[in-house]
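Chemist: Sharing a structure here in structure tokens format.
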Amino acid sequence: MKTVTIDPITRLEGHGKISIFLDEAGDVENAYLQIPELRGFERFCQGRRAEDMPQITSRICGVCPVAHHFAATKALDAAFNVEPPSASKKLRELMYCGYYIYDHILHFYFLGGPDFVVGPDSPASQRNVLGVIDKAGLEIGKEVIKHRAYGQKITAILGGKATHPVCGLPGGVSKGLNKDEVQEIKDMVKSCTEFAKFTLKLFDDIVLKNKDYVDLIKSDPYSLKTYNMGLVDKHNKVNFYDGMIRVTDQDAKEYLKFDVKDYYKQISEHVEPWSYMKFPYLTGIGWHGLEDGKKSGIYRVGPLGRLNAADGMATPLAEKEYKRMFETFGGKSINSTLAYHWARLIELLYATERAKELADDHEIISTHIKNPVGAPGEGIGVVEAARGTLIHHYKLDKNGLVEKANLIVATTNNAGAITMSVRDAAKGVIKKGKIDDGILNKVEMAFRAYDPCFGCATHTLPGGMPLEVNVYDCNKKLYKSIKRL
Amino acid sequence: MKTVVLGVGNPILKDDGAGIHVIRQLKKYVKDPDVTLDEAMTGGMNLLDMILGYEKAILIDTVKMKGAKTGEVRRFSLRDFPSVHSSNPHDVDLLEAIKLAEKLGETSIPKEIVIVGISVNESQHVFGEQLSEKILKAVPKAVETVLSELKIR
């Protein structure tokens, strides 16, 4: 294979870029994914008050403000050496469930679902939520909007603001719940559970009962045998807010379980000349290129990574769905990238059930929601963002000002896997130079399954769907380019 | 007329936050109780939520314009754009969100949506709270454009 090095000058600013290189026969020689990296974060944070970090980091990204908010808050708990009261942890987790509810609903109905509900080869103008509603009906559209808004509302009641919460403090939270608010949350959560069940049924009817889709999901170009990573509770069940980081191998055997404070021993980062994005890998296994298999330290995070890395779900309905998914695929681990969509819906159901448990807990209206902080030092915090494991690491000086800040975000954890999935999908669907919108969409589907986030909230207009796919012929000349508008 | 004016952007990504800077300035001039000023560090469905219930919405944002100099300020109608998307795949285009709301029979969509665009040349990927010199100079121009849109001047 010829080595292709893309000059840094061609690194695209502003949105993701997939570059596909064809050989003389018009088949895919290689494909690369490039994602812009925000720069200067550490310097930006230096000298700021530690207590401001949950607000500042929630502005990094317009997508996961709640995840950054709590990763930061948990890092500060550790940095100020304070154990938050039990009630405050429950309040944080309840709010976190609200975030999962709206985030996972948005992904399925607006972003990932249209490929299946409307069809992967259908015209781009219909592969969106409007197409989904044309097919599924207006009433369903109203339910989607209603329950996404419920998720937002739960987050807003607890966090002050839905998009950029202000409640997390080192040692607890700034605001508790009263009985009326708890009742309002319970009512919304109950409806969300029904909607999650409905959505899983919809997935069953539209995707799992369609042999073409099942074949596509199980096909080789969409399979990747990597390690899997996610937070688990003490029974090795999936947990979004807290726990130990567990890594399982391709046969679902536990390879590693560690406290986040050891992340820098267990995770290393590889740098490629063609990408700003770093490629994390398991230190104990090592970097062996963009390859899957047991000898490669690349791992996956996010819904499928989490479900693979755990032994089950901690709530009854989600546990039932979990078992059904693994039975359908014939055991663990599931290596099919497109199964991320199914895993995401099981997590949606879990988030609603877990929210009910927390809202029913008598302690949720406790007013003991903050403990006094100790002396400032160093702290590391972890949460499961909707799209994967998110780590914040701060070092504070004696006055509580930030000296050092390091983040490992979910999409970075998935960098190696996403790149390989895009490459393998391109190799699988592009043959003899035949390329059309439907074929390129099938390459994008490999990317979209991960629900990647470019970690930035820039809003410069007109923007366009921030993904560009360029196909080059064997002379490295641009052969076809698609930009999403 | 019940109007919402939103500065769209990220205040910690340098020039991307220009719209937010404009809103902060506008607070000095706008005292009309029918006019709501707010900062929108978000897009798509969240942005739609923020404009529902108003008769008119004015969004202040950075815009990439062909043939315009950095820092130029122009008034657009929302329909001038093929898409209004934040730079993120996990988000929905504002136009798509509005079409969705229309389809579902939402009756509180503003009748008029205006975008006051500040011309930038490239997306911002470096953290910082300061605006560049040219964009800083554009802020008072954008403030004037919004005030005349509100018929305050």
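Chemist: Could you go through region B:122-134 and let me know if any residue there is among the β-branched types (Val, Ile, Thr) and more than 10 Å from chain A (Cβ to nearest Cβ).
Modeler: Let us first name the residues in region B:122-134 that are among the β-branched types (Val, Ile, Thr), namely B:126.
When the remaining residues are screened for being more than 10 Å from chain A (Cβ to nearest Cβ), the result is none.
No, every residue in region B:122-134 fails to be among the β-branched types (Val, Ile, Thr) and more than 10 Å from chain A (Cβ to nearest Cβ).
Chemist: To continue, here is another question. Pick out, from region B:43-153, the helices (runs of 4 or more DSSP H) lying fully within it that include 2 or more residues that are at pLDDT 95 or above.
Modeler: On the way: elements: B:44-51, B:94-103, B:133-149.
Fully inside region B:43-153 and qualifying: B:133-149.
Chemist: Shifting gears a bit: If A:ASN30 satisfies every condition in (1) over 22 Å from the mean Cα position of the chain (by Cα); (2) surrounded by 16 or more Cβ atoms within 10 Å (Cβ to Cβ); (3) within 20 Å of A:LEU390 (Cα to Cα); (4) modelled with pLDDT under 95 but one, which is the exception?
Modeler: In the conditions (1) over 22 Å from the mean Cα position of the chain (by Cα); (2) surrounded by 16 or more Cβ atoms within 10 Å (Cβ to Cβ); (3) within 20 Å of A:LEU390 (Cα to Cα); (4) modelled with pLDDT under 95, A:ASN30 misses (3) alone.
Chemist: So in region A:134-156, with the set limited to residues that are surrounded by 21 or more Cβ atoms within 10 Å (Cβ to Cβ) and more than 10 Å from every other protein chain (Cβ to nearest Cβ), which one is nearest to A:ILE60 (Cα to Cα)?
Modeler: A:THR155
Chemist: Does region A:94-115 contain at least one residue that is more than 17 Å from the chain's Cα centre (by Cα) and either open to solvent by 10 Å² or more (accessible area, probe 1.4 Å) or free of Cβ contacts under 8 Å to residues at least 12 places away in the same chain (or both)?
Modeler: For region A:94-115, residues more than 17 Å from the chain's Cα centre (by Cα) and either open to solvent by 10 Å² or more (accessible area, probe 1.4 Å) or free of Cβ contacts under 8 Å to residues at least 12 places away in the same chain (or both): absent.
Chemist: A further question follows. Considering only region A:358-407, state which residues are among the hydrophobic types (A, V, I, L, M, F, W, C), open to solvent by less than 10 Å² (accessible area, probe 1.4 Å), within 30 Å of A:THR315 (Cα to Cα) and part of a strand (DSSP E or B). Spell out how you get there, then give the answer.
Modeler: The initial filter retains those residues of region A:358-407 that are among the hydrophobic types (A, V, I, L, M, F, W, C), namely A:358-359, A:364-365, A:369, A:373, A:375, A:380, A:382-383, A:385-386, A:390-391, A:396, A:401-402, A:405, A:407.
After this cut, where a residue has to be open to solvent by less than 10 Å² (accessible area, probe 1.4 Å) as well, the list is A:358-359, A:364, A:382-383, A:385-386, A:390-391, A:402, A:405.
Narrowing further to those that are within 30 Å of A:THR315 (Cα to Cα): A:358-359, A:364, A:382-383, A:385-386, A:390-391.
Within region A:358-407, A:VAL382, A:VAL383, A:ALA385, A:LEU390, A:ILE391 qualify.
Chemist: Out of (1) open to solvent by 10 Å² or more (accessible area, probe 1.4 Å); (2) more than 30 Å from A:PHE195 (Cα to Cα), the odd one out for A:PRO120 is which?
Modeler: Among (1) open to solvent by 10 Å² or more (accessible area, probe 1.4 Å); (2) more than 30 Å from A:PHE195 (Cα to Cα), the lone unmet condition for A:PRO120 is (2).
Chemist: For region B:95-153, what are the residues that are within 12 Å of B:ASP15 (Cα to Cα), β-branched (Val, Ile, Thr) and surrounded by fewer than 17 Cβ atoms within 10 Å (Cβ to Cβ)? Spell out the reasoning first.
Modeler: Pass one, region B:95-153, residues within 12 Å of B:ASP15 (Cα to Cα): B:118-139.
From what's left, β-branched (Val, Ile, Thr): B:118, B:120, B:126, B:135, B:139.
Once the filter is applied, which keeps residues that are within 12 Å of B:ASP15 (Cα to Cα), β-branched (Val, Ile, Thr) and surrounded by fewer than 17 Cβ atoms within 10 Å (Cβ to Cβ), region B:95-153 yields only B:VAL126.
Chemist: Additional query: When the residues of region A:267-292 are filtered to those that are in contact (Cβ under 8 Å) with a residue 24 or more places away in the chain and of a type in the set (D, E, K, R), which remaining residue is least open to solvent (accessible area, probe 1.4 Å)?
Modeler: Applying the filter and picking the extreme gives A:ASP292.
Chemist: Continuing with the same structure: Out of B:GLY43, B:GLY71, which single residue is within 11 Å of chain A (Cβ to nearest Cβ) and surrounded by 18 or more Cβ atoms within 10 Å (Cβ to Cβ)?
Modeler: Being within 11 Å of chain A (Cβ to nearest Cβ) and surrounded by 18 or more Cβ atoms within 10 Å (Cβ to Cβ) holds for just one of B:GLY43, B:GLY71, which is B:GLY43.
Chemist: Being among the small types (Gly, Ala, Ser) and away from chain B (no Cβ under 12 Å) is the filter; apply it to region A:92-123 and report the residue that is nearest to A:CYS167 (Cα to Cα). First the steps, then the outcome.
Modeler: Start the filter on region A:92-123 by keeping residues that are among the small types (Gly, Ala, Ser), which leaves A:98, A:112-113, A:119, A:122.
Keeping just the survivors that are away from chain B (no Cβ under 12 Å) gives A:98, A:113, A:119, A:122.
Details: A:GLY98: 14, A:GLY113: 33, A:GLY119: 41, A:SER122: 44 Å.
The selected residue is A:GLY98.
Chemist: Is there a residue being of a type outside the set (D, E, K, R), more than 30 Å from A:ASN210 (Cβ to Cβ) and under 21 Å from the mean Cα position of the chain (by Cα) anywhere in region A:310-322? Outline the logic, then answer.
Modeler: In the first step, residues of region A:310-322 are kept if they are of a type outside the set (D, E, K, R); the result is A:310, A:312-318, A:322.
Now narrow it down to the ones that are more than 30 Å from A:ASN210 (Cβ to Cβ): A:314.
Checking which are under 21 Å from the mean Cα position of the chain (by Cα) leaves us with A:314.
Yes, the conditions are met somewhere in region A:310-322.
Chemist: Oh, and also: Of the conditions (1) within 15 Å of the chain's Cα centre (by Cα); (2) exposed (fewer than 15 other Cβ atoms within 10 Å of the Cβ); (3) in contact (Cβ under 8 Å) with a residue 60 or more places away in the chain, B:ASP32 satisfies every one except a single condition; which number is it?
Modeler: Failed condition: (1).
The values are calculated or read from the model by the stated rules, or taken from the named source; none is laboratory data. All of these numbers come straight from a predicted model, not from anything done at the bench. Please note: Cβ atoms are built from the backbone with ideal geometry, for glycine as well, and neighbour counts cover all protein chains shown. Quick note on the areas: whole protein, heavy atoms, side chains included, nothing else; ligands and nucleic acids left out. Shrake-Rupley method; radii C 1.70, N 1.55, O 1.52, S 1.80 Å.
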